[in-house]
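Asker: Quick one: this structure, given as structure tokens, is what I'll be asking you about.
The values are calculated or read from the model by the stated rules, or taken from the named source; none is laboratory data. Here the structure is a predicted model, which is why all the values come from computation and not from measurement. Ideal geometry is used to build each Cβ from the backbone, glycine not excepted, and the neighbour counts take in all protein chains shown.
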Amino acid sequence: MSVPVVAVIGAGYAGLACAVELARAGVHVTVFERSHTLGGRARVVHKDHHWRVDNGQHILIGAYGELTRLMRLTGCSPKQLAHLPLTLHVPDRLQLKAASLPAPFHLAVGLLRARGLSWADRLAMLRLMRWLKKRSFRVPADMTVTGLLQATRQTPPLVQLVWEPLCVAALNTPAAEADAQVFANVLRDSLAAGAAASELLLPRVDLSELFPVPAARYLATRRGKLRTGNAIEAVEPVAGGYRLQGDPGSQPWPQVVLATAPYHASPLLASAGGCERLVEQIDALDHEPITTVYLALGKGQRLPEAMIGLVSGTAVDPAQWAFDRGQLGGPEGLMACVISASGPHEALERDALIVACHAQLERQLGRRLPAPEWSQVITEKRATIACRPGILRPGIRTPLPGLWLAGDYLDSDYPATLESAVRSGVACAAAILAELGRKAGG
């Protein structure tokens, strides 16, 4: 009996999750990747042979279990993630750290110990969580996060220092536009689920080394193939499956997974034909950017925590979060200032944005900082889909048998995160294996 074969187009987190699950089941997988770097929109960037940084800073939480499961499966060291209790630290404004207790005590005790919150703020946060729990974390379909905050009478300090930064970090969409149901899902599986589920998991290695590189090694031990620098330009239905334009081989593939960004999946689907409505659905998805400003401030420079919140919202104060990469295994003094979603910062030129982030750090840390030894601005203009109420996220199936989708933009309880990408890949692999099982049994 011949071993089933599957082609996966795209070596990001979704494609490699799908490939790993298929290979674990004995399927021979070939992954095609246009770039020479693994990870897709979550990858390492090399510059002038002097440094390597991520194209964006990603945060995992304890509730995101599929990615951590696959990391263990592919042999990743647990030390590659820093496990920190949920901590919201805004210099001179807020210090909130969840306690190591079951829900809801982890949050209640954290609120009691918090600095920078009034009793009105504390009660408002508990009121929002009780409001959601009473409704089983289901909210009206058209409600935005801002609408949720207004309905639960959240205080201005909580909105500014806690809810809006958490919303933009999780959904990469401004609170006034963001889907309250997806935000409620994140809160349900993190804040409402206990200390372990709400832990912050911060990568100590670059995003290519975190999972994609170990996944590639795992595939190599199971007769999988990874073709980097190999772009697939079109998918052509033929007898026996699909021929891939750009594939150096000549055999048709009976099963093909399009695990690319949505704006690359759309033309591939169009080339296959018969997917017009699906292409329209994908093309209708709006996107939001993520900008990361790296400042190499040199030895002796540290933030109060590995991750701090910043008061933001203007071109003068553009960043919402700052990460001390030196506390996470990177070079000492390297700071990553993250600006999620669209905003007034987009009008700034590169150098002006670097100056703005440096000045913002100085103001909010309350001290002068040295001029950067080097700096870099990395913008993913279409980092994620805009997570708004009522958007139609497609599923893993296409109208064509044997042609599948995987990616963070697909239908999910969660926003477009690394966990969503991995879950879509795992679901796609399970569906393919079920299909192969039916054919073998028939």
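Asker: I'd like to know if the stretch 398-405 contains one or more residues that are exposed (fewer than 15 other Cβ atoms within 10 Å of the Cβ) and more than 30 Å from Leu244 (Cβ to Cβ).
Answerer: No, that holds for no residue.
Asker: For Leu201, which of the numbered conditions (1) crowded, with 22+ Cβ neighbours inside 10 Å; (2) touching a His at 6+ places or on another chain (Cβ under 9 Å) fails to hold?
Answerer: Condition (1) is where Leu201 drops out.
Asker: Is it true that some residue in the stretch 34-57 is of a type in the set (S, T, N, Q), in the same structural domain as Gly241 (by TED's automatic domain parsing), over 21 Å from the mean Cα position of the chain (by Cα) and under 23 Å from Ala234 (Cα atoms)?
Answerer: no
Asker: Could you check how many residues of the stretch 1-60 are in a strand (DSSP E or B) and either in contact (Cβ under 8 Å) with a residue 12 or more places away in the chain or in contact with a Cys (Cβ under 6 Å, 6 or more places away or on another chain) (or both)?
Answerer: Result for the stretch 1-60: 21.
Asker: Can you name the helices (runs of 4 or more DSSP H) wholly within the stretch 62-169 that have at least 1 residues being polar (S, T, N, Q) and at pLDDT 95 or above?
Answerer: So the answer is 145-151.
Asker: Answer yes if at least one residue in the stretch 133-142 is surrounded by 18 or more Cβ atoms within 10 Å (Cβ to Cβ), in the same structural domain as Val182 (by TED's automatic domain parsing) and not hydrophobic (A, V, I, L, M, F, W, C), and no otherwise.
Answerer: No; the residues of the stretch 133-142 include none that is surrounded by 18 or more Cβ atoms within 10 Å (Cβ to Cβ), in the same structural domain as Val182 (by TED's automatic domain parsing) and not hydrophobic (A, V, I, L, M, F, W, C).
Asker: For Ala23, which of the numbered conditions (1) more than 13 Å from Leu219 (Cα to Cα); (2) modelled with pLDDT of 85 or more; (3) in the same structural domain as Gly249 (by TED's automatic domain parsing) fails to hold?
Answerer: (1) is the only condition that Ala23 fails.
Asker: Kindly check whether there is at least one residue in the stretch 75-91 that is in contact (Cβ under 8 Å) with a residue 60 or more places away in the chain, among the charged types (D, E, K, R), buried (at least 20 other Cβ atoms within 10 Å of the Cβ) and on the phi < 0 side of the Ramachandran plot.
Answerer: Scanning the stretch 75-91, I find no residue that is in contact (Cβ under 8 Å) with a residue 60 or more places away in the chain, among the charged types (D, E, K, R), buried (at least 20 other Cβ atoms within 10 Å of the Cβ) and on the phi < 0 side of the Ramachandran plot, so the answer is no.
Asker: Given the residues Arg69, Arg34, which is the only one that is of a type in the set (D, E, K, R) and either surrounded by 16 or more Cβ atoms within 10 Å (Cβ to Cβ) or in contact with a Ser or Thr (Cβ under 6 Å, 6 or more places away or on another chain) (or both)?
Answerer: Matching residue, one of Arg69, Arg34: Arg34.
Asker: Inside the stretch 170-228, can you point out the residues that are assigned to a loop (DSSP other than H, G, I, E, B), polar (S, T, N, Q) and over 14 Å from the mean Cα position of the chain (by Cα)?
Answerer: Hits for the stretch 170-228 are Ser190, Ser198, Thr221.
Asker: What tally of residues in the stretch 282-309 results from selecting those that are under 30 Å from Gly407 (Cα atoms) and part of a loop (DSSP other than H, G, I, E, B)?
Answerer: Count: 4.
Asker: Given the conditions (1) part of a loop (DSSP other than H, G, I, E, B); (2) crowded, with 16+ Cβ neighbours inside 10 Å; (3) touching a strand residue (DSSP E or B) at 6+ places or on another chain (Cβ under 7 Å), which single one is not true for Leu244?
Answerer: Every condition holds for Leu244 apart from (1).
Asker: Could you give me the residue pairs with C-beta distances under 7 Å whose first residue belongs to the stretch 411-422 and is under 14 Å from Gly56 (Cβ atoms), whose second residue is aromatic (Phe, Trp, Tyr) and in a helix (DSSP H, G or I) wherever it lies, and which are 6+ apart or on separate chains?
Answerer: Leu418/Tyr13; Ala421/Tyr13
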